[in-house]
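**Q** Here you go, one structure.
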Amino acid sequence: MLRGGKKSYFAAAVCIITLTSMVTLSYFRLQRLSHLPKIIQEGSRCRGKVTNSTITALKDNRTFIISPYFDDRESKVTRVIGIVHHEDVKQLYCWFCCQPDGQIYVSKAKIDVHSDRFEFPYGATDIVCLEPPNCDPTHVSIHQSPRGNTDQLPRFEIKNRKAETFSVDFTVCISAMFGNYNNVLQFIQSVEMYKILGVQKVMIYKNNCSHLMEKVLKFYIEEGTVEIIPWPIDSHLRVSAEWRFMQDGTHIGYYGQIAALNDCIYRNMQRSKFVVLSDADEIILPLKHPDWKTMMSSLQEQNPRTGVFLFENHIFPKTVSTPAFNISAWNAVPGVNILQHVHREPDRKDVINPKKMIIDPRKVVQTSVHSVLRAYGKSVNVPMDVALIYHCRVPLQGNLPRESLIRDTTLWRYNSSLIMSVNKVLNQTVLRAQK
């Protein structure tokens, strides 16, 4: 009897597992079918106004579209980088118009709010739609319903539709510039260091800055180094200058930094070999190599199939200085002179230093600030003897005496080139304005 009972239990377990598997498969099949594009109109023409705004609010005022990108790494989809309310936005649809036949397709979107929301009600979001099988749409509209009038919907150009060859090796993404930013000298020094290390493009998501900073940005734009992405996020949401929600009624942290970083990755996916995610007061300093190109070549050789390289952040407090490189012409320029700050804080016990990244954008799906959330390749922590992040800012360990800090003059290896380059920029921008 007992043996027969065991057989009965086993048979019942097999039946339950089989039934559960069938139900699960059916559910996922139905889910995929519900997201397949459906023709809702034929013989129409694409209507609606094409928008070029960086941030566009939909009528629900809970969904904000940044930009759509073609992404065929897994399947043929349009991935829309946006910002949504994590609870209130439950349903969105992509409206594709296929020319020249004028068929209108509607696809139900998968709404993927990024996990690093830090308790704010709004977060960076991927709005992902399957594209029509026999069409390569150039524009898409986003709507809360599969029905409606396309004339009233803004249309967005789908970027990355055409494959391109890399135009640059390194692009630095800076997000976001806000708070009437006026750290002019350190900004110029950082950009010139980026150029010395091999950067060809610096992309800045700019909310606002000082009048003097605008002149510097204008110089770099005309030079071809800087590209400005307008970032008027505070026109749509109550923004916080903090990264963690403080129960203060704000909607999104740090001026929507995470949404900007993700947009920057996709914006440069086909034109930059590497994308560097850092702030304007941070420089990844190689210790074993003269520049980033030779460093990354070595790191890739040692770490095949790696798409994300993480570098440890180290604080060089701007409150501790050295009299070296006290250049009189620079004293009239607002901001920090990084050449005078070569003492770094020691590592804190039981505290992990945050990291910033150099990534292969084609291997990243979603990123946060200090790590990627989804990627196809591996992530590698780069040892401190290979490179570290020089981060000159207010101290984190302000009570430490000077003798407890570590003197690190790695930055001085570049002092001659850096001084010459900074003087050139200052003479054509800030100092010219003062004459």
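**Q** From the list Pro395, Pro383, which one is of a type outside the set (Asp, Glu), open to solvent by 60 Å² or more (accessible area, probe 1.4 Å) and more than 20 Å from the chain's Cα centre (by Cα)?
**A** It is Pro383.
**Q** I would also like to ask the following. Given (1) more than 30 Å from Asn61 (Cβ to Cβ); (2) buried (at least 21 other Cβ atoms within 10 Å of the Cβ); (3) without any contact (Cβ under 8 Å) to a residue 60 or more places away in the chain, where does Val276 come up short, assuming only one miss?
**A** (3)
**Q** Given the structure, is Arg73 farther than 17 Å from Ser145 by Cα, open to solvent by less than 60 Å² (accessible area, probe 1.4 Å) and charged (D, E, K, R)?
**A** Spelling it out, it is not the case that Arg73 is farther than 17 Å from Ser145 by Cα, open to solvent by less than 60 Å² (accessible area, probe 1.4 Å) and charged (D, E, K, R).
**Q** Just to be sure, is Tyr194 in a strand (DSSP E or B), within 30 Å of Glu242 (Cα to Cα) and among the hydroxyl-bearing types (Ser, Thr, Tyr)?
**A** no
**Q** Confirm whether Pro354 is in contact with a helix residue (DSSP H, G or I) (Cβ under 7 Å, 6 or more places away or on another chain) and either on the phi > 0 side of the Ramachandran plot or not charged (D, E, K, R) (or both).
**A** Values: in contact with a helix residue (DSSP H, G or I) (Cβ under 7 Å, 6 or more places away or on another chain): no; either on the phi > 0 side of the Ramachandran plot or not charged (D, E, K, R) (or both): yes.
No; evaluated as a whole, the condition is false for this residue.
**Q** Within the range 330-354, restricting attention to residues that are outside any loop (DSSP other than H, G, I, E, B) and over 29 Å from the mean Cα position of the chain (by Cα), which residue is surrounded by the fewest Cβ atoms within 10 Å (Cβ to Cβ)? Write out each step before concluding.
**A** First, pick out the residues of the range 330-354 that are outside any loop (DSSP other than H, G, I, E, B): 330-332, 338-340, 343-344.
Next cut, over 29 Å from the mean Cα position of the chain (by Cα) only: 330-332, 340, 343.
Details: Trp330: 21, Asn331: 9, Ala332: 11, Gln340: 18, His343: 21.
The extreme case among them is Asn331.
**Q** Moving to a separate point now. Condition first: open to solvent by 10 Å² or more (accessible area, probe 1.4 Å), assigned by the TED database to the domain that holds Ile359 and among the aliphatic types (A, V, I, L, M). Can you find one or more residues in the range 190-198 that meet it?
**A** Looking for residues that are open to solvent by 10 Å² or more (accessible area, probe 1.4 Å), assigned by the TED database to the domain that holds Ile359 and among the aliphatic types (A, V, I, L, M), one finds at least one in the range 190-198, hence yes.
**Q** For the range 292-325, name all the residues that are of a type in the set (Phe, Trp, Tyr) and out of contact with any helix residue (DSSP H, G or I) (no Cβ under 9 Å at 6 or more places or on another chain).
**A** Phe311
**Q** Among the numbered criteria (1) touching a Leu at 6+ places or on another chain (Cβ under 7 Å); (2) on the phi > 0 side of the Ramachandran plot, which single criterion is violated by Phe118?
**A** Phe118 satisfies all of (1) touching a Leu at 6+ places or on another chain (Cβ under 7 Å); (2) on the phi > 0 side of the Ramachandran plot except (1).
**Q** Would you say Phe170 is closer than 30 Å to Gln91 by Cα, at pLDDT 95 or above and part of a strand (DSSP E or B)? So that I can check it myself, show each step before the final result.
**A** On the way: closer than 30 Å to Gln91 by Cα: no; at pLDDT 95 or above: yes; part of a strand (DSSP E or B): yes.
No.
**Q** A further question follows. Can you tell me which of Ala241, Ala176 is outside any helix (DSSP H, G or I), open to solvent by 40 Å² or more (accessible area, probe 1.4 Å) and assigned by the TED database to the domain that holds Phe274?
**A** Result: Ala241 is the single residue among Ala241, Ala176 that is outside any helix (DSSP H, G or I), open to solvent by 40 Å² or more (accessible area, probe 1.4 Å) and assigned by the TED database to the domain that holds Phe274.
**Q** Hey, another quick one. Tell me whether the range 130-151 contains one or more residues that are under 20 Å from the mean Cα position of the chain (by Cα), assigned to a strand (DSSP E or B) and either loosely packed, with under 15 Cβ neighbours inside 10 Å or at pLDDT 95 or above (or both).
**A** No, the conditions are met nowhere in the range 130-151.
**Q** Under 9 Å between Cβ atoms, which residue pairs at least 6 apart in sequence (or on different chains) link something in the range 418-432 that is open to solvent by 30 Å² or more (accessible area, probe 1.4 Å) with a partner that is modelled with pLDDT under 95 and part of a helix (DSSP H, G or I)?
**A** From residues that are open to solvent by 30 Å² or more (accessible area, probe 1.4 Å), the pairs are Asn423/Ala329; Asn423/Leu431; Asn427/Ala329.
**Q** Is it fair to say Asp112 is at pLDDT 90 or above, among the acidic types (Asp, Glu) and in contact with an Asp or Glu (Cβ under 7 Å, 6 or more places away or on another chain)?
**A** Taking the combined requirement at face value, the residue satisfies it.
**Q** Which residue out of Phe96, Phe118 is open to solvent by 30 Å² or more (accessible area, probe 1.4 Å), assigned by the TED database to the domain that holds Thr56 and aromatic (Phe, Trp, Tyr)?
**A** Criteria check complete, one pass: Phe118.
The values are calculated or read from the model by the stated rules, or taken from the named source; none is laboratory data. It should be emphasised that the depicted structure is a prediction, and the values quoted were computed from it without experimental measurement. Every residue, glycine among them, receives a Cβ derived from its backbone with ideal geometry; neighbour counts consider all protein chains shown. We work out accessible area using only protein heavy atoms, side chains counted, and drop any ligands, DNA or RNA first. Shrake-Rupley method; radii C 1.70, N 1.55, O 1.52, S 1.80 Å.
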